[in-house]
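Enquirer: The structure is given below, and queries will be raised subsequently.
The values are calculated or read from the model by the stated rules, or taken from the named source; none is laboratory data. This structure is a prediction, so every number in the text was calculated from the model and none was measured. Positions of Cβ are generated from backbone atoms using ideal geometry, with glycine treated the same way; all protein chains shown enter the neighbour counts.
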Amino acid sequence: MERKGICVAGNMIVDILYPVNGLPAPGELTSIQDGISRTTGGALCNVIGDLARMDSTLPLTALGRVGNDADGEFVLGQLKPFPNIDLSMVKREGITSFTAVMADEISKERTFFHYRGANARFCEDDINWDTITSALLHIGYILLLDSLDEEDAGYGTKMARLLCHAKERGIKTSLDVVSETGDRFKRLVPPSLKYADYCVINELEAAQVTGMEIRDEGGALIEAKLPKILEKMMEGGVSTWAVIHSPEGGYGLDSSGAFKKSPAINVPKEYIKGKVGAGDAFCSGVLFAAQAGGGLEEGLEMGNAAAAASLSQPGATEGMIPVNELLRLRAKFS
């Protein structure tokens, strides 16, 4: 079978954005401003939406769950306009997952209150491997997909088992995790690294995965530690590219042991309308370069360009533009 394109699996979420003028301290009150909006979110919606906007000819397949409710209709309705996204394998059951996003209009930062809903039941039984012709499977987020985060006697977790079965079928694998405090990283992430060709996570998640400090007491990124942190990710099983993204830029290690970095694109402050989708946009850029046969450095540069594009709009994917325009955007601000 000739494989082509990308299959994106995992979280499908409705994000309800509430603009606020500053996030309150416990016990304090802040007012929600005009401009409440609804948009899609989650690894599946964000990454597949970005990829569809980057290249309308790239075959894309969605694997996930939404509810039998109005929010489920809304999620599918946002993705149906893209003819290159195959939604036939999305299962409908229960209540659609949603996140109440408190969007600080002053700092442009976001705080998230999440209801797991239908995503919690997404599992490998939802996937018909015989019908998937994609060359690459990206799945996210570990720690936010309850059924796949369950323990598995043979593989450590059911997520790791799913990734292994994909690789056995000749499909390249990529994974992402969600930022979370606590000790679940040490239990749930390492089993999946063994079956990942690509791992694209942010700097805080990388610190959790490896147990190494990545920022100093003043909050500055400790760039000298990044090669070792990435090396530990590769030692954990990542076979092709281990990638870290941060506000400072993208950093990666490839299978030959070569360390690459690409600074973030320095867009003007007034250009930034929101940061909610920047991480998934970066991941989308890396995946696009990977499936196109590009090298790690090209992947980091495309990731930074995609992240910069996403900053231009409040929603997670609305700012994404075709690949040739991403290259011009990078050149303009570089």
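Enquirer: Is there a residue in region 192-203 that is in contact (Cβ under 8 Å) with a residue 60 or more places away in the chain, touching a Gly at 6+ places or on another chain (Cβ under 8 Å), surrounded by 15 or more Cβ atoms within 10 Å (Cβ to Cβ) and assigned to a helix (DSSP H, G or I)?
Expert: Scanning region 192-203, I find no residue that is in contact (Cβ under 8 Å) with a residue 60 or more places away in the chain, touching a Gly at 6+ places or on another chain (Cβ under 8 Å), surrounded by 15 or more Cβ atoms within 10 Å (Cβ to Cβ) and assigned to a helix (DSSP H, G or I), so the answer is no.
Enquirer: Mind listing whichever residues of region 253-277 are touching a strand residue (DSSP E or B) at 6+ places or on another chain (Cβ under 8 Å) and either within 19 Å of Leu230 (Cα to Cα) or assigned to a helix (DSSP H, G or I) (or both)?
Expert: Within region 253-277, Leu253, Asp254, Ser255, Phe259, Lys260, Lys261, Ser262, Pro263, Ala264 meet the criteria.
Enquirer: Mind checking which residues of region 309-334 are surrounded by fewer than 18 Cβ atoms within 10 Å (Cβ to Cβ), free of Cβ contacts under 8 Å to residues at least 60 places away in the same chain and not polar (S, T, N, Q)?
Expert: If the condition is that a residue be surrounded by fewer than 18 Cβ atoms within 10 Å (Cβ to Cβ), free of Cβ contacts under 8 Å to residues at least 60 places away in the same chain and not polar (S, T, N, Q), then Glu325, Leu327, Arg328, Ala331, Lys332 are the ones that fit.
Enquirer: Which residues, taken from region 91-133, are farther than 24 Å from Ser37 by Cα, of a type in the set (A, V, I, L, M) and touching a residue at least 60 places away in the same chain (Cβ under 8 Å)?
Expert: Ile127, Ile132
Enquirer: Tell me yes or no: at least one residue of region 222-229 is modelled with pLDDT of 95 or more, under 19 Å from the mean Cα position of the chain (by Cα), in a helix (DSSP H, G or I) and surrounded by fewer than 19 Cβ atoms within 10 Å (Cβ to Cβ).
Expert: Within region 222-229, the first condition is being modelled with pLDDT of 95 or more, and the residues that meet it are 222-229.
From what's left, under 19 Å from the mean Cα position of the chain (by Cα): none.
Among the residues of region 222-229, not one is modelled with pLDDT of 95 or more, under 19 Å from the mean Cα position of the chain (by Cα), in a helix (DSSP H, G or I) and surrounded by fewer than 19 Cβ atoms within 10 Å (Cβ to Cβ), which makes the answer no.
Enquirer: Quick check: anything in region 27-40 charged (D, E, K, R), free of Cβ contacts under 8 Å to residues at least 12 places away in the same chain and outside any strand (DSSP E or B)? Let's see the steps before the verdict.
Expert: In the first step, residues of region 27-40 are kept if they are charged (D, E, K, R); the result is 28, 34, 38.
With free of Cβ contacts under 8 Å to residues at least 12 places away in the same chain added as a condition, the list becomes 28.
Filter once more, so that each one left must be outside any strand (DSSP E or B): 28.
Taking every residue of region 27-40 in turn, at least one turns out to be charged (D, E, K, R), free of Cβ contacts under 8 Å to residues at least 12 places away in the same chain and outside any strand (DSSP E or B).
Enquirer: Quick one: is Ala9 among the small types (Gly, Ala, Ser) and either more than 22 Å from Ala289 (Cβ to Cβ) or in contact (Cβ under 8 Å) with a residue 40 or more places away in the chain (or both)? It would help to see each step written out before you state the result.
Expert: Values: among the small types (Gly, Ala, Ser): yes; either more than 22 Å from Ala289 (Cβ to Cβ) or in contact (Cβ under 8 Å) with a residue 40 or more places away in the chain (or both): yes.
So Ala9 passes the test.
Enquirer: With region 46-159 as the region, which strands (runs of 3 or more DSSP E) entirely inside it contain at least 3 residues that are modelled with pLDDT under 95? Quick ask: steps written out before the conclusion?
Expert: Numbers: elements: 60-63, 97-104, 110-115, 136-142.
Strands (runs of 3 or more DSSP E) meeting the threshold: 97-104, 110-115.
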